[in-house]
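Novice: Input: one structure, supplied below.
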Amino acid sequence: MRADVVTIFPAYLEPLGLSLVGKARERGTLEVRTHDLRAWTSDVHRTVDDAPYGGGPGMVMRPEPWDAALTEIAASRPGSRPRVVVPTPAGVPFSQRRAQELAREPWLVFCCGRYEGIDARVVDAWADDEISIGDYVLAGGEVATLVILEAVARLLPGVLGNSASAEDDSFSDGLLEAPVYTRPPVWRGAEVPAVLRSGDHGAVDRWRRAESLRRTLHRRPDLLAAADLSAADRAVLDA
Ligand code: 6GU
């Protein structure tokens, strides 16, 4: 996969050189190109914003630098066109399902807005997706892009050491994951649940399913409505 990121703060994307995403880049599974939007300004002050029509606080990003940037980036690989993502708190909610969908794309372009956002005309002209990472407001789209790209990168073929770990994720079956433990078996007086040390894989699977269900019931009851529940699952929840 190739991912281009357009921002006025390229340094904000430096974490994409680290850890799992950095390794995916080293292996060639993911190619990330970060671009400074100001490279597509033409005035001496390299202006990217202006006052909002209709009044109100803050500034709005002007359409011309965005259109010039996206035109040039889109033309950099003739014969294919990128999926253009605009992270914005006014977008549709990001989810594991959307991460899976984006992970199937060969080429993504992220447009990181700042201030009060990007002029709606250039968003309408270019964006395939406007995505929010949650119900709170960030100062710009850069951190949201980091979030989305990390969620997508770990789904790319060969990125996770154990591809089962992606399938086991919280949300992949619509439930939160069960708690996890490692050594020591007793830490500050707290024991690892005996079933996990029993060697009985069937019992471990049942325990994990029950913990998932109970956790989801307490923390995210909204998820249960959409989950695919067996009679045994319902018995756990009713207990
Ligand atoms: Cl994608 N951008 C900004 N600026 N704030 C957000 C967001 C995105 N998602 C939630 N809050």
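Novice: Once the piece of chain linking V143 and L229 is laid out straight, how much longer is it, given 0.36 nm per residue of separation minus the C-alpha distance between them?
Specialist: Working it through step by step, the gained length comes to 27.5 nm.
Novice: What residues qualify as long-range amide H neighbours of R33, i.e. H under 5 Å apart, gap of 5 or more or another chain, H built at 1.01 Å from N?
Specialist: Here the answer is A3, D4, V5, since their amide H atoms fall under 5 Å of that of R33.
Novice: Which whole-number percent gives the relative contact order of the stretch 116-194, counting Cα pairs below 8 Å spaced six or more residues apart?
Specialist: Working: 22 pairs, mean separation 8.5, N = 79.
Averaging sequence separation for qualifying contacts and normalising by length gives 11 percent for the stretch 116-194.
Novice: Specify the residue with the greatest mean-square fluctuation among D135, D200, D222, computed from a Gaussian network of the chain linking alpha-carbon atoms under 10 Å apart.
Specialist: The residue that fluctuates most here is D200.
Novice: Then there's this: Residue by residue through the stretch 227-239, which ³J(HN,Hα) values in whole Hz follow from phi under the Karplus form 6.51 cos²θ - 1.76 cosθ + 1.60 (θ = phi - 60°), with glycine and proline marked x?
Specialist: For the stretch 227-239, the Karplus curve yields 6, 8, 10, 8, 4, 5, 4, 5, 5, 4, 5, 7, 5 Hz.
Novice: How high is the relative contact order of the stretch 2-153? Use alpha-carbon pairs under 8 Å, at least six apart in sequence, and give a whole percent.
Specialist: Averaging sequence separation for qualifying contacts and normalising by length gives 30 percent for the stretch 2-153.
Novice: Restricting attention to the stretch 151-218, which trypsin sites (Lys or Arg not before Pro) occupy a DSSP loop and are surrounded by at most 16 other Cβ atoms within 10 Å?
Specialist: Those that pass, being in a loop and sparsely packed, are R188.
Novice: Right, something else. Using alpha carbon centroids, what distance separates the stretch 126-140 and the stretch 179-239, in Å?
Specialist: Here the answer is 33 Å between Cα centres.
Novice: Counting only DSSP beta bridges with both residues in the chain, what percent are antiparallel, rounded to the nearest 5?
Specialist: So the antiparallel bridges in the chain amount to around 20 percent.
Novice: Another question about this same structure. When ranked by the protection proxy of mean other Cβ atoms within 10 Å per residue, highest first, what sequence do the peptides 137-145, 179-187, 69-77 form? Numbers along the way, then the final one.
Specialist: On the way: 137-145: 19.1, 179-187: 9.8, 69-77: 15.3.
Highest to lowest by the protection proxy: 137-145, 69-77, 179-187.
Novice: Calculate one ³J(HN,Hα) per residue across the stretch 108-122 by plugging θ = phi - 60° into the Karplus curve 6.51 cos²θ - 1.76 cosθ + 1.60, and present them in order as whole Hz with x for glycine and proline.
Specialist: 10, 10, 9, 10, 8, x, 10, 6, 7, x, 9, 3, 4, 5, 6
Novice: With each run of n ≥ 4 DSSP H residues scored as -39500 (n - 2.57), what mean residue ellipticity at 222 nm is computed for the chain after dividing by its residue count and rounding to the nearest 500 deg cm²/dmol?
Specialist: Calculated at 222 nm, the ellipticity per residue is -9500 deg cm²/dmol.
Novice: So which residue, out of G54, G79, G117, gets the largest mean-square fluctuation from a GNM of the chain using Cα contacts under 10 Å as springs?
Specialist: Checking each option, the largest mean-square fluctuation is seen for G54.
Novice: For a protection proxy built on the mean count of beta-carbon atoms within 10 angstrom, sort 10-21, 123-134 highest first, please. Intermediate values should be presented prior to the final figure.
Specialist: On the way: 10-21: 15.7, 123-134: 17.4.
The peptides rank, most packed first, as 123-134, 10-21.
Where a number appears in this text, it was derived from the coordinates with a stated rule and is not lab data. It should be emphasised that the depicted structure is a prediction, and the values quoted were computed from it without experimental measurement. Here the Cβ is made from the backbone with ideal geometry for all residues, glycine too, and neighbour counts use every protein chain on show.
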